[in-house]
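To start, I am sharing the structure in question, which I have written as structure tokens.
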Amino acid sequence: MSRRSVNPSRRVADGGLPSFGGPFHPKSRSPPVLTIALVVLGVIFLIAYFNSSPGVTVTSKETVTRSEGYEISSSTFNTSSCTSEVMRALPYLKKAYGNAMQKVLHVGPDSCTVVSNLLKEGKVEAWGVEPYDLEDTDSTCKRLVRKGFVRMSDIKFPLPYRPDSFNLVIVSDALDYLTPRYLNKTLPGLARVSTDGLVIFAGNPGQQKAKVSELPKFGRPAKLRSSSWWTRYFVQTGLTENEGPLKKFEEATSQNKYQPDCQIFHLSSPRLSDTEPVPENFPFELIDEEGMSVVILRRDYKDEKVEVTVSMPNLEGGPEFGDEDGEGDGESAAKDDGEAEEDDESAGESSISLKVVVSKDSGPELEFTCTAFREEITIDDMLIVEKTDDDDDGEEKFPYEGPEFTELPVNVQKGLFKYLEQRGVTLSATNYMHDYMVTKQAQEYIRWMTKLKDFVAQ
């Protein structure tokens, strides 16, 4: 049987693809030196390509970026993490805060990575708070947890640290998963434990999204808020821009053309020990009993006695914050909880409740129930309370309590606000008491936890 010649350029290779003629064909008579040279040249080009970006090394498992001594592993962070932004910003934070970087607390996911890198410097004392679970961690993180450098703690409750425990507190991602109802409590607590500043890394609306797989871990989707939303919120919670470090940070980043993917806020908090410990015209005697949830203020005004009972900060109430400033959910997958989330977002600023009792030697007492916000004091209720005799027959009585305060004539309402102001219930006094009660709340929480620990240990 005759055999037909086959054109080598049309021969089908083992994989089903046509083989190519020319110098790369196995039967080509071209010298092998040319083939070897081309292969070597291709390898050189590949090496040059992967090393074209300074400071980046590619391994078979992950990418590790080194920035002035800090290692950032791409396998450690996800695309929505502001903790990776913290790692990028650490060299500039060090230039901005100087000696304030000697004692640092990081709060947020992947705290182990931040703490581990800070401790490598030797001169920095670093601690971390991981707001979520620490089950899937590496050996390095487990070692930091055992030694007490990193702990898991729900930041919706007061942190277990005394005031001024750290020079600088750095927060990443964690606040994006809190509603204002809990931010009211968490932010003052974070500011309370720092002496030189609070740095917040928050997500950018429209640029970052929480992964669906992370929603069960964090408990709710990220609420990525605009810069204007945060600015208004910081003002309402008494936090101010930390101008000195902010200016140094901007100078350092501009020289290196650093462009953050997250919003970065440099904040400071007015402390009770700064300038004057109390307002100049604070007229009350302050009675603070350890272990109690209220503080009593007393004073004499002409022939009257004024007593104010101040309660712990309340997380409810306040002005509504809408989405007109670009605030939005970081992930649309949680629409089932949409209405609940919107209610939380309207929680606004925190407040303190006041019970003001004005009495005279004889006759009834005037009792006010008030709510004090940062910007205003509201009267929720007012009663005229008759003093009861000790020999009362015990019969239940239902005295007329008067109309609702809001139903009173406007001029009467204004007169009663002026009445309280003359007796010392002013914004300067209540704002001071708000800061005082935030600190007391944290201190009482630590005392309570200590008592619980001692009881269980017995």
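Could you order the peptides 222-228, 424-430 from most to least packed, using the average number of other C-beta atoms within 10 Å per residue?
Numbers: 222-228: 21.3, 424-430: 19.3.
The peptides rank, most packed first, as 222-228, 424-430.
For the ranges 98-111, 442-455, 362-375, 166-179, what's the packing order if you count other beta-carbon atoms within 10 Å of each residue, average per peptide, and put the highest first?
On the way: 98-111: 21.9, 442-455: 12.9, 362-375: 16.1, 166-179: 25.1.
Going by the mean number of other Cβ atoms within 10 Å, highest first, we get 166-179, 98-111, 362-375, 442-455.
Can you list residues from other chains, or at least 5 along the same chain, whose modelled amide H is less than 5 Å from the amide H of ASP164?
Those lying under 5 Å, H to H, from ASP164 are VAL193, SER194.
Give, in nm to one decimal, the length gained when the segment between GLU280 and THR378 is fully stretched (0.36 nm per residue of separation minus the Cα-Cα distance). Spell out each step's value before the answer.
Working: separation 98, 0.36 × 98 = 35.28 nm, distance 2.30 nm.
Full extension of this stretch gives 33.0 nm more.
Still on this structure, I have one more. Do the alpha carbons of any pairs in LYS95/LYS257; LYS94/LYS248; LYS355/LYS451; LYS95/LYS248; LYS302/LYS414 sit beyond 18 Å of each other, and which pairs? Mind dumping the intermediate values first?
Values: LYS95/LYS257 15 Å; LYS94/LYS248 10 Å; LYS355/LYS451 29 Å; LYS95/LYS248 7 Å; LYS302/LYS414 21 Å.
Pairs exceeding 18 Å: LYS355/LYS451; LYS302/LYS414.
Taking 0.36 nm per residue of separation and subtracting the Cα-Cα distance, what length does fully extending SER227 through SER165 add? Write out the running numbers ahead of the final one.
Working: separation 62, 0.36 × 62 = 22.32 nm, distance 2.85 nm.
Gain in length upon complete extension: 19.5 nm.
Hey, another quick one. Determine, from the Cβ-Cβ distance of SER359 and THR439 and an R0 of 41 Å, the FRET efficiency 1/(1 + (r/R0)^6), rounded to the nearest 0.05.
Numbers: r = 30 Å, r/R0 = 0.72.
Taking R0 as 41 Å, the efficiency between SER359 and THR439 is 0.85.
What are the ³J(HN,Hα) couplings of region 113-118, residue after residue, when phi is run through the Karplus curve with 6.51, -1.76, 1.60 and θ = phi - 60°? Round to Hz, x for glycine and proline.
After applying 6.51 cos²θ - 1.76 cosθ + 1.60, I find 5, 5, 4, 4, 5, 5 Hz.
For region 105-205, divide the Cα radius of gyration by the Kirkwood radius and give the resulting Rg/Rh value with two decimals. Could the numbers behind the result be given before it?
Details: Rg = 13.1 Å, Rh = 13.8 Å.
Rg/Rh: 0.95.
Taken together, the values in this text are just the output of simple stated rules run on the coordinates, not laboratory data. Nothing here was measured: the structure is a model prediction, and the numbers come from that model. All Cβ positions, glycine included, derive from the backbone under ideal geometry; neighbour counts span all protein chains shown.
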